[in-house]
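Below is one structure; the comments refer to it alone.
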Amino acid sequence: MSDRMESSSIESSTVSSMTMMEEDEHPHHFSSISKLHNNGPTTTSVHDLLECPVCTNSMYPPIHQCHNGHTLCSTCKTRVHNRCPTCRQELGDIRCLALEKIAESLELPCRYISLGCPEIFPYYSKLKHEAVCNFRPYNCPYAGSDCSVVGDIPCLVAHLRDDHRVDMHSGCTFNHRYVKSNPMEVENATWMLTVFHCFGQYFCLHFEAFQLGMAPVYMAFLRFMGDEREARNYSYSLEVGGNGRKLTFEGSPRSIRDSHKKVRDSHDGLIIYRNMALFFSGGDRKELKLRVTGRIWKEQQNPDGGVCIPNLCS
């Protein structure tokens, strides 16, 4: 009995060795690509082949190669002055059609899988999705400098608090006073950014001065720290006044997916021209003193009539 078991073991070992020898004799056989749809080591190695050695981004047609078979993307081909970055040989105009064909068979997860995106796409559709993926990181909403920080909302909230020293407030109502000793000086600069936390979300209140045509203006507007779809669930109002007059604005906050400049240039907020601002300030009109009040509320569907009704926080 033990002899038969030993014999069976030897036969199995022989078959296994023969299989390995056959695979070694055909190292470039395309049967290895049958596993491209799995998340195994084969997918990883092929994906590495599609990584440009210069910029490390994924390569898309046309994929170029030198006479020795080293590849790089079309953008980097011009950057390396037609010299292969690996062997320094002249690149010429050789397309790596085999690698482009292999890429067509790939299905890969979104690059933002670690941030929660569950989607899987064909290789050539992945880049298009990632440009608009709801899980892609957000840019820092601070407008006072060209800040390059990106991240999810908790990361950006901590960044605004710790690095930009932004004021943080809880609640859905606000009452702010803005004072400027020389209102004749209007520069394209952010005056103030305040972050509010309510309804489990974060909102950025901007107030700034800039030139609108020939007229200096002051503007206040709210941005939602989340995507556009979620932003539509909320509304806000702003009010400024004095000397028996007032201006009001009501609308939905814009997502921080829209840049600060895009929102400001669309005039989507409370705009106060300087003459009116000085009138609200009272006194001798030599100092700007504006009080801006407002509130944020969440729109809810009325289950009976389907009409949105405001949900005001206490």
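The values are calculated or read from the model by the stated rules, or taken from the named source; none is laboratory data. Every value quoted in this text rests on a predicted model; they were computed, and no experiment measured them. Backbone-built Cβ (ideal geometry, glycine too); neighbour counts: all protein chains shown. In case anyone asks, the SASA skips ligands and DNA or RNA and just uses the protein heavy atoms, side chains included. Shrake-Rupley method; radii C 1.70, N 1.55, O 1.52, S 1.80 Å.
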Could you pull the Cα extents of the range 157-279 along its three principal axes, largest to smallest, in whole Å?
38, 30, 25
Using the beta-carbon distance between MET168 and ASN57 and R0 = 35 Å, what value does 1/(1 + (r/R0)^6) give for FRET efficiency, to the nearest 0.05?
0.45
Cβ-derived FRET efficiency at R0 51 Å, ARG245 paired with VAL80, nearest 0.05:
0.20
Which lysines, if any, have their Cα less than 30 Å from the Cα of LYS298, not counting same-chain residues under 8 positions apart?
LYS246, LYS261, LYS262
Considering the alpha-carbon set of the range 88-243 alone, what are its Rg and its Dmax in angstrom?
22.4, 77
Ordering LYS289, LYS101, LYS180, LYS126 from largest to smallest accessible area (1.4 angstrom probe), what's the sequence?
LYS101, LYS289, LYS180, LYS126
Please give the solvent-accessible surface of CYS147 in Å², to the nearest 10, using a probe radius of 1.4 Å with every protein chain present.
40 Å²
With every protein chain present, what accessible area does SER125 have (1.4 Å probe, heavy atoms only), rounded to the nearest 10 Å²?
50 Å²
Rounded to two decimals, the Debye log10 I(q)/I(0) of the range 53-169 (Cα scatterers, no solvent) at q = 0.12, 0.13, 0.22, 0.23 Å⁻¹ is -0.64, -0.71, -1.10, -1.15
